[in-house]
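Everything below concerns the one structure shown next.
The values are calculated or read from the model by the stated rules, or taken from the named source; none is laboratory data. None of these values were measured; they are calculated from a predicted model. Neighbour counts are summed over all protein chains in view; Cβ atoms, including those assigned to glycine, are modelled from backbone coordinates with ideal geometry. When the accessible area is computed, the model is the full protein with side chains, heavy atoms only, and any ligands, DNA or RNA have been set aside. Shrake-Rupley method; radii C 1.70, N 1.55, O 1.52, S 1.80 Å.
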Amino acid sequence: MARYTGPKEKIERRLGEKLFLKGERSHSQKSAMIRKPYPPGMHGRKRAGKLSEYGLQLKSKQKVKNIYRLLEKQFKNYIKASTLSKNDSSETILNKLEHRLDNVVFRSGFAQSRDQARQIVNHGHITVNGKKVGIPSFDVSIGDEIGVREASRKSPYFSNLMPQWLKAYEAPSWIELNKEKTTSKMKGHPILSESGIRIDDLQSIIEFYSR
């Protein structure tokens, strides 16, 4: 399955919720969910019927999968591995998703969206413990330090664009952010209440893949 490259806000309108896929735009009045708070298509304005249990589970899956910008196979593998773990499945799923390098780069404020974070990781701009890592799915461990490659710091993105939003950015409690050095460190596991993901969505996803 190829990665979806169409309008990201159509995904939000289809699911009926803001997923904040467009960075700063998602927080503004230009957001499609504010301008057009109904599903896309010619029948979008019509009242939707009540979803079945399967429909609700599918919606939860689509929502979380799109928030983290993953393909179906990759997402399914995370869920399957989490359900086989001896630890709490919902907590394990959250850890697997949040510990991805592209997500940590996003959570550190080095990018305004996970798509943008994936791009700068793919382009070799990010280091983990001083070594360049170009794999967005790289599993960041607690204590790892994320930074910007020295050769990349003078680029227009890191020298001019990123500082404009980074100075006002507040990282979640599980990430220690040093704005002056443009480094961050994962100091603990993610907290569900700060992640923006709902526990009922995670439970619905587990049920969906348990069928």
- Diagonalise the Cα gyration tensor of the range 57-100 and give the resulting equivalent ellipsoid semi-axes, square root of 5 times each eigenvalue, largest first, whole Å. 17, 11, 10
- Message: Rounded to the nearest 10 Å², what accessible area does ILE142 have for a 1.4 Å probe in the complete protein model?
- Response: 90 Å²
- Message: Just to check, using Stokes-Einstein with a Kirkwood Rh over alpha carbon pairs, what's the diffusion coefficient of the range 83-211 at 25 °C and 0.890 mPa s in µm²/s?
- Response: 160 µm²/s
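As a quick test, which of the pairs LYS61/LYS96; LYS63/LYS96; LYS63/LYS179 have an alpha carbon distance above 22 angstrom in this structure? Can you show the working numbers first?
Values: LYS61/LYS96 15 Å; LYS63/LYS96 16 Å; LYS63/LYS179 31 Å.
As for pairs spanning more than 22 Å Cα to Cα, those are LYS63/LYS179.
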- Among the aspartates and glutamates, select those whose C-alpha is under 17 Å from the C-alpha of LYS132, and discard any that sit fewer than 8 residues away in the same chain. ASP102, ASP144, GLU145, GLU150
- Message: Through the Karplus equation 6.51 cos²θ - 1.76 cosθ + 1.60, θ set to phi - 60°, convert the phi angles of the range 56-66 into ³J(HN,Hα) values in whole Hz; use x for Gly and Pro.
- Response: 5, 5, 5, 4, 4, 4, 4, 5, 5, 4, 6
- Query: What net charge is computed for the residues neighbouring GLY109, neighbours being all others with C-beta under 11 Å from the C-beta of GLY109, Lys and Arg scored +1, Asp and Glu -1?
  - Reply: +2
- Message: When the expected Rg is taken as 2.2 N^0.38 Å, what fraction or multiple of it is the alpha-carbon Rg of the range 71-139?
- Response: 1.18
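How much length is gained on full extension from SER52 to THR183, taking 0.36 nm per residue of separation minus their Cα-Cα distance?
Values: separation 131, 0.36 × 131 = 47.16 nm, distance 4.54 nm.
Taking 0.36 nm per residue and subtracting the Cα distance, the gain is 42.6 nm.
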- Top to bottom by accessible area (1.4 Å), largest first, where do LEU166, LEU58 land? LEU58, LEU166
